[in-house]
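Inspection log for the structure reproduced underneath, given as structure tokens.
The values are calculated or read from the model by the stated rules, or taken from the named source; none is laboratory data. Nothing here was measured: the structure is a model prediction, and the numbers come from that model. So basically every Cβ, Gly included, is an ideal-geometry build from the backbone, and we count neighbours across all protein chains shown. Quick note on the areas: whole protein, heavy atoms, side chains included, nothing else; ligands and nucleic acids left out. Shrake-Rupley method; radii C 1.70, N 1.55, O 1.52, S 1.80 Å.
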Amino acid sequence: MDETTSDQPASRVRKVRCCIVGGGPAGMMLGYLLGRAGIDVVVLEKHADFFRDFRGDTVHPSTLQVMDELGLIDGFLKLPHQQLQKMDGLFGGTKVRIADLSRLNSKYPFIAFMPQWDFLNFLREAGRRFASLEVLMSTEAVDLIRHDDTIAGVRARTSDGIVDIEADLTIACDGRHSTVRERAGLGVEEIGAPMDVLWFRAGHKPDETENLFARIEPGKMMVTFDRGDYWQCAYVIAKGQYDAVKARGLQALLDDVVRMAPVLKQGIAAVKSFGDIKLLTVAINRLGRWARPGLLCIGDAAHAMSPVGGVGVNLAVQDAVATANLLADRLTRGRPSQDELDAVQRRREFPVKMTQAMQVIVQNRIISGALKGGGRPLKVPLLLRLISALPWLQGIPARFIAIGVRPEHVHSKAVPTA
Ligand SMILES: Cc1cc2nc3c(=O)[nH]c(=O)nc-3n(C[C@H](O)[C@H](O)[C@H](O)COP(=O)(O)OP(=O)(O)OC[C@H]3O[C@@H](n4cnc5c(N)ncnc54)[C@H](O)[C@@H]3O)c2cc1C
């Protein structure tokens, strides 16, 4: 948080029922749901637009189901996207099937790959019809407003100066580096991850296709997503080793990449320097307590997820749905009690813990072993061999990844719009 703004007088004061900090998947979905319920709500987003790379862009069947329940699915699926059903991996040269979403009993049995900015823009446009919802771009929460022990809103920096937004409830959706939760003094439990991820794009020719998704070799691991006109690549490295990778030089890294994924031979030319590669410092953590009087944290602000399974966006959306289900009606009458805020954690903590536990198992049993390498040939773990050999088992990881634990459905009310 910015100390310099704390003592300055605000040039404006605004009062709302609910102030959501952060216009990511959690904040934009929650803003939409509360606007739909007629709650006076603002969403603050510090950036001027959503056009930033370096975000997850997997929309899973659980989120597609939510879009369906909101009556938004037809327009949403008209946006350019790719669909993935079968997830295959190359494990030390042996091909294995990790998951098959076609085995799911779901209306939308596929993962939709869509740039996250398209998803967020879509929600923003769809929400414009709710008079009580306002999304304030280029507006950064820089401090909390406190009345005794209660959080009573945020102080925000805008291009027109400082504004105090007083709110009965502030909801932190400001992501894994949440300044709101840090300012509120909520303690984070770090669970840890053995890896970091290098995230980059390679060029894609129209005739290039490959169903492979993950590639694991002794000491190396990489995931590729076919995004139609480019390949999105995630090269996994042991935690803290990015400087060592840089010291070996760009060419050594690109050679490794192409050896693991020959399909990238031409397209890798798009990576011209380390500036084209983003480092994702992988974290798994969660808050001990998600709420204090007047404040609730959800999404990555409450629990950063590992990229394993690509579930972060979807958990953020599920948190938003649960929050609206539990609090939208209550918000019409003013500030929810601490116990009512804690109900969101009681509802969502179990799915979060279960998902993080599965991510830790994959990290420890598969990724750590592979990254240690040691020159020995890799053996496909028994669990993966079983899943690959018995197609009916492929629905289990598919369900875990695509639907998740205790999926949420929209129960919050919708007030008629003009
Ligand atoms: C490189 C990378 C790849 C990933 N890949 C995947 C994937 O394939 N699939 C997947 O499901 N997940 C993926 N994730 C994780 C996923 O992006 C997150 O779990 C998800 O976006 C969390 O949503 P959120 O709304 O809680 O937070 P975020 O998406 O982090 O959104 C937080 C928002 O708050 C804004 N903000 C921050 N501070 C302030 C402030 N003080 N005031 C106002 N606004 C503020 C930020 O600008 C941002 O827009 C990936 C993450 C990264 C970094």
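Dividing the helix sum by the residues of the chain, where each DSSP H run of 4 or more adds -39500 (n - 2.57), gives a mean residue ellipticity at 222 nm of -9500 deg cm²/dmol.
Taking 27 Å as the cut-off for C-alpha to C-alpha distance, list the pairs among Lys46/Lys220; Lys86/Lys265; Lys78/Lys220 that go past it.
Violating the 27 Å Cα-Cα cut-off are Lys46/Lys220; Lys78/Lys220.
With a simple spin-label model that places each label point 7 Å from the Cα along the Cα-to-Cβ direction, the separation between Trp392 and Gln251 comes to 5.5 nm.
With a 1.4 Å probe and every protein chain kept in, tell me what percent of the accessible surface of the range 37-140 is carbon plus sulfur. In the range 37-140, the share of accessible area belonging to carbon and sulfur is 48 percent. In the assembled protein chains, His411 presents an accessible area of approximately 140 Å² (probe radius 1.4 Å). Around the Cα centre of the range 195-280, unit charges on the Cβ atoms of Lys, Arg, Asp and Glu (plus for the first two, minus for the last two) sum to a dipole of about 220 debye.
Rounded, prolate or oblate: pick one for the range 195-280, where a ≥ b ≥ c are the square roots of the eigenvalues of its C-alpha gyration tensor, a/c under 1.5 means rounded, and failing that, prolate if a/b is larger than b/c, else oblate. Display every interim value, and only then the final one.
Values: a/c = 1.83, a/b = 1.46, b/c = 1.25.
Verdict is prolate for the range 195-280.
Taking the charge dipole of the chain about its Cα centre, with +1 at Lys and Arg Cβ atoms and -1 at Asp and Glu Cβ atoms, the residue from Met87, His147, Gly404 reaching farthest to the positive side is Met87.
With the charge dipole of the range 195-280 set up from +1 on Lys and Arg Cβ and -1 on Asp and Glu Cβ about the Cα centre, the Cα lying farthest toward the positive end among the listed residues Thr224, Ala234, Gly275 is that of Gly275. Each principal axis of the Cα cloud of the chain was evaluated for its coordinate range; sorted largest first, these ranges are 62, 47, 39 Å. Couplings 3J(HN,Hα) for the range 119-124, derived from phi with the Karplus relation 6.51 cos²θ - 1.76 cosθ + 1.60 (θ = phi - 60°), are 4, 5, 4, 4, 5, 5 Hz, where x marks Gly and Pro. To put it simply, the accessible area of the range 195-280 at a 1.4 Å probe is 54 percent carbon and sulfur.
For the chain, a simple Cβ point-charge model (Lys and Arg +1, Asp and Glu -1, everything else neutral) yields a dipole of about 1200 debye relative to the Cα centre. Using a cutoff of 8 angstrom between alpha carbon atoms and counting only pairs six or more residues apart, the relative contact order for the chain works out to 24 percent.
A convex hull fitted around the alpha carbon atoms of the range 51-137 yields 115 Å³ per residue. Taking Cα atoms only, the orientation of helix 250-260 departs from the longest principal axis of the chain by about 70 degrees. Per residue, the accessible area of the range 195-280 comes to 45 Å² when a 1.4 Å probe rolls over the protein heavy atoms.
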